[in-house]
Amino acid sequence: MSSAPDQPFEPDAPFHQRIGALIRRERATRFSGGAIGYLWAYLTPVSFIFLIVIFFKIIQRTTPINVPVELFVATGILPYVLFRQTISSMVRTVISNRYMLYFKPVTVSELFLASALLELLNLIVTVVLIFTLIMIFFNTDGPADPFRVIIGFGTAWVIGAGFGRFTGALGQWSDTLARAIPLTLRPMFWISGIFFTATELTESAVQIFWYNPLFHAIELVREGFFLGYQSPISSMLYPLTFSLVFYLLSLAIERFVIQTRRARHRL
């Protein structure tokens, strides 16, 4: 039996096919402008890097690590963009794809996962492109420890996915609350090590900033990229625990929302 016109897969499609179809649908919806739409997704982090580099040069800020400012900024801004874009995408996906839940066996978890994976795939292309161009134009070396760089970016994505799922779950309860929470994350741009490193902080500041999970991810990327750089804030365990806590909270919120809706239907 053929699938419904708006359904992107057969009702009995296996899990990986459903996720793949949801990713393709999300990509087609978000980048409906064709090539220009795709280009815009990559121009956003590039413009961030460009503006911050200009800011560094205007205030004559020297990098704390002896590397080109463009490379230093990129190692900070790209994990941040991955973190923020993952959260924003996961908040949007349930709101804009609610009708998809009527197609069995699509679940909220699958919508969240497809959205988060799309952001990860986009950022992989962006990261490879930007770092390659920086290394070519500024004659810099590649990462000293590529595996640690991957771990750093993976950690930033996991943090964004965990908190994004939590925020998206809140969106099923209250759209207003879900849209307000990302606004509270704006200070993360200033306190996550995009403009500085943990080694520049005082001991007391390190103890405070240690609780920012994104700072750990950015410092992991820099440890992997810059030979000899070691950070006092580069734990994997804390960010992963942070993400797990918010993931479990999101499940509790979803269960509460489902129970509340069922109770209303009984009335």
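The values are calculated or read from the model by the stated rules, or taken from the named source; none is laboratory data. Everything numeric in this text was worked out from a predicted model, so none of it was measured. Every residue, glycine among them, receives a Cβ derived from its backbone with ideal geometry; neighbour counts consider all protein chains shown.
If R165 passes every condition in (1) among the basic types (K, R); (2) in contact with a Ser or Thr (Cβ under 7 Å, 6 or more places away or on another chain); (3) at pLDDT 95 or above but one, which one does it miss?
So the condition that R165 fails would be (3).
Looking only at the stretch 171-219, filter to residues that are touching a residue at least 40 places away in the same chain (Cβ under 8 Å) and not in a helix (DSSP H, G or I); which one of those is farthest from K57 (Cα to Cα)?
L185
List, please: which pairs have Cβ atoms under 8 Å, are six or more places apart or on different chains, and start with a residue in the stretch 140-167 that is closer than 30 Å to T184 by Cβ and end with one that is assigned to a loop (DSSP other than H, G, I, E, B) and not hydroxyl-bearing (S, T, Y)?
Once the first residue is closer than 30 Å to T184 by Cβ and sits in the stretch 140-167, its partners that are assigned to a loop (DSSP other than H, G, I, E, B) and not hydroxyl-bearing (S, T, Y) give V149/P143; I151/M236; T155/M236.
How many residues are in contact (Cβ under 8 Å) with a residue 60 or more places away in the chain and outside any loop (DSSP other than H, G, I, E, B) when one looks only at the stretch 60-71?
Filtering the stretch 60-71 down to residues in contact (Cβ under 8 Å) with a residue 60 or more places away in the chain leaves 61, 64-65, 67-68, 70-71.
Still in the list and also outside any loop (DSSP other than H, G, I, E, B): 70-71.
Residues flagged as in contact (Cβ under 8 Å) with a residue 60 or more places away in the chain and outside any loop (DSSP other than H, G, I, E, B) within the stretch 60-71 amount to 2.
Within the stretch 220-237, track down each residue that is hydrophobic (A, V, I, L, M, F, W, C), assigned to a loop (DSSP other than H, G, I, E, B) and within 19 Å of T140 (Cβ to Cβ). Show your work before the answer.
Applying the first criterion (hydrophobic (A, V, I, L, M, F, W, C)) to the stretch 220-237 yields 220-221, 225-227, 233, 236-237.
Narrowing the set further to residues that are assigned to a loop (DSSP other than H, G, I, E, B) leaves 226-227, 233, 236.
If the condition is that a residue be hydrophobic (A, V, I, L, M, F, W, C), assigned to a loop (DSSP other than H, G, I, E, B) and within 19 Å of T140 (Cβ to Cβ), then F226, L227 are the ones that fit.
Tally the residues that are at pLDDT 75 or above and either among the charged types (D, E, K, R) or not in a helix (DSSP H, G or I) (or both), restricting the search to the stretch 78-105. First the steps, then the outcome.
Pass one, the stretch 78-105, residues at pLDDT 75 or above: 78-93.
Next, from what is left, pick out any that are either among the charged types (D, E, K, R) or not in a helix (DSSP H, G or I) (or both): 84, 92.
So the answer is 2.
Consider V245 carefully, then state whether it is in contact with a Pro (Cβ under 8 Å, 6 or more places away or on another chain), within 25 Å of A116 (Cα to Cα), in a helix (DSSP H, G or I) and not hydroxyl-bearing (S, T, Y).
Values: in contact with a Pro (Cβ under 8 Å, 6 or more places away or on another chain): no; within 25 Å of A116 (Cα to Cα): yes; in a helix (DSSP H, G or I): yes; not hydroxyl-bearing (S, T, Y): yes.
No.
Please enumerate the residues belonging to the stretch 112-141 that are closer than 16 Å to V158 by Cα and either loosely packed, with under 12 Cβ neighbours inside 10 Å or not hydroxyl-bearing (S, T, Y) (or both). Explain how you work it out, then say what you get.
First pass over the stretch 112-141, keeping only residues closer than 16 Å to V158 by Cα: 112-124.
Result: F112, L113, A114, A116, L117, L118, E119, L120, L121, N122, L123, I124.
What residue, of R179, R222, is within 19 Å of the chain's Cα centre (by Cα), of a type in the set (D, E, K, R) and either closer than 17 Å to V158 by Cβ or surrounded by 19 or more Cβ atoms within 10 Å (Cβ to Cβ) (or both)?
On the way: R179 fails: either closer than 17 Å to V158 by Cβ or surrounded by 19 or more Cβ atoms within 10 Å (Cβ to Cβ) (or both).
The unique qualifying residue is R222.
For W157, all conditions in the list (1) of a type in the set (A, V, I, L, M, F, W, C); (2) part of a helix (DSSP H, G or I); (3) in contact with a Pro (Cβ under 9 Å, 6 or more places away or on another chain); (4) under 23 Å from V69 (Cβ atoms) hold save one; what is the number of the exception?
Evaluating W157 over (1) of a type in the set (A, V, I, L, M, F, W, C); (2) part of a helix (DSSP H, G or I); (3) in contact with a Pro (Cβ under 9 Å, 6 or more places away or on another chain); (4) under 23 Å from V69 (Cβ atoms) leaves (4) as the failure.
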